[in-house]
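The values are calculated or read from the model by the stated rules, or taken from the named source; none is laboratory data. All of these numbers come straight from a predicted model, not from anything done at the bench. Note: ideal-geometry Cβ built from the backbone for every residue, glycine included; neighbour counts use all protein chains shown. Surface accessibility is based on the protein's heavy atoms, side chains included, excluding ligands, DNA and RNA. Shrake-Rupley method; radii C 1.70, N 1.55, O 1.52, S 1.80 Å.
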Amino acid sequence: MNVSILGIPMDLGAGRRGVDMGASALRNAHLSRTLRELGHTVHDLGDVPVAIPETMDKHIESGLVFLDPIVQACRTTAERLAALPDDVFPLTLGGDHSVSMGTVTGNALRGNAAGTRMGLIWVDAHTDYNTPSSSPSGNIHGMPVAHLTGRGDPELVGLGGGWSLRPEDIVMIGIRSVDRFERDLLREAGIKAYTMKDVDQLGITRIVAETQERLSDTARLHVSFDADALDPSVAPGVGTPVPGGLTYREGHLLMELLSDSGRVTSMDIVEVNPVLDVRNQTAEVMVSMAASLLGQRIL
Ligand code: ARG
Ligand code: MN
Ligand code: MN
Ligand code: MN
């Protein structure tokens, strides 16, 4: 496969600094080489330009922190991805999870596939379904999914130029932290979320089978993997850790089974924070997750 790597070194959407270095940490953990060894042709397209917080006033408008520069970076990201040919597998590196408003939009509108339905698999401790009015923090990384489904700030919603994701085309896995009003919005939208209780009870195999069934009307799948979906003992380098996450093997099994489906056409790796990490462990684990999604097998 032709894999194109694109970094979005942005931490403007997060409450803590450091995830802007995530893309660099993932490259440092031999991302390209690992994927080449699996037989892929890998092109690193470099980084999307992102404003540096120290160069700006902490700009809060209508409850949103750093709205303008986030809109800009997401717009550039979406444009870069939408311009890639259909046979490319874009692997986008955050950055905080607000980058996914750009990546999901760009991938949905990419090439000849533009207009066909794309399913979104959101692997995360959080549902990231806050709107500017429900958010307890104002941090945009807690809001990308709401905006992708057309609710929230008009500029962020408008990134797709009228396109938005249908709530029934989204499945979330690994969930264990949802804010009070966010929960109501999620329920109202009818988005399927597999919590950690579901992971314990059903197991990853059944969850993936149900997910395939549920997303069978879509033409392809995008996987957005927030490193904090994994248990903090496996992935300590994240800004918003929540106990009780996916084990190392649950993460890999999820990626292996999604890879077996042959339906995944793009992926994000987000929220890796080298400042809080232990010797780049989190970046290394996330590189191994990408490898499993892109065909690595034990035998
Ligand atoms: N729910 C919290 C908020 O809205 C935390 C969101 C964390 N999101 C993430 N992508 N790590 O602020
Ligand atoms: Mn403004
Ligand atoms: Mn997230
Ligand atoms: Mn998260």
Over the stretch 23-75, volume per residue of the alpha carbon convex hull, in Å³: 112
Rg to Rh quotient for the stretch 1-96, alpha carbon positions, Kirkwood Rh: 1.03
Estimated vicinal HN-Hα couplings, Hz - the stretch 99-104 in sequence order (Karplus 6.51, -1.76, 1.60; Gly, Pro = x): 4, 5, 4, x, 5, 5
Mean Cβ neighbour count within 10 Å, used as a protection proxy, ranking 94-107, 239-252, 113-126 highest first: 94-107, 113-126, 239-252
Mean Cβ neighbour count within 10 Å, used as a protection proxy, ranking 47-56, 2-11, 75-84 highest first: 2-11, 75-84, 47-56
Inter-centroid distance (Cα atoms) of the stretch 134-174 relative to the stretch 66-84, Å: 14
Percent carbon-and-sulfur accessible area, the chain, ignoring ligands, DNA and RNA, probe 1.4 Å: 50
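Translational diffusion coefficient, Stokes-Einstein: compute it for the chain using the Kirkwood radius over C-alpha pairs as Rh, at 37 °C and 0.692 mPa s, and state it as an integer in µm² s⁻¹.
Working: Rh = 18.5 Å.
The Stokes-Einstein estimate is 177 µm²/s.
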Amide H within-cut-off set for Ala193, under 5 Å, with H built and near neighbours excluded: Met172
Kirkwood Rh, angstrom, the stretch 225-299 [1 / mean 1/r, Cα pairs]: 12.4
10 Å binning of all Cα-Cα separations within the stretch 132-288, expressed as whole percents from 0 upward: 10, 36, 39, 15, 0
Extreme residue, positive dipole direction of the stretch 164-294, given options His222, Ser164, Thr205 (C-beta unit charges): Thr205
CD proxy at 222 nm, helix term only [per DSSP H run n ≥ 4: -39500 (n - 2.57); per residue of the chain; nearest 500]: -10500 deg cm²/dmol
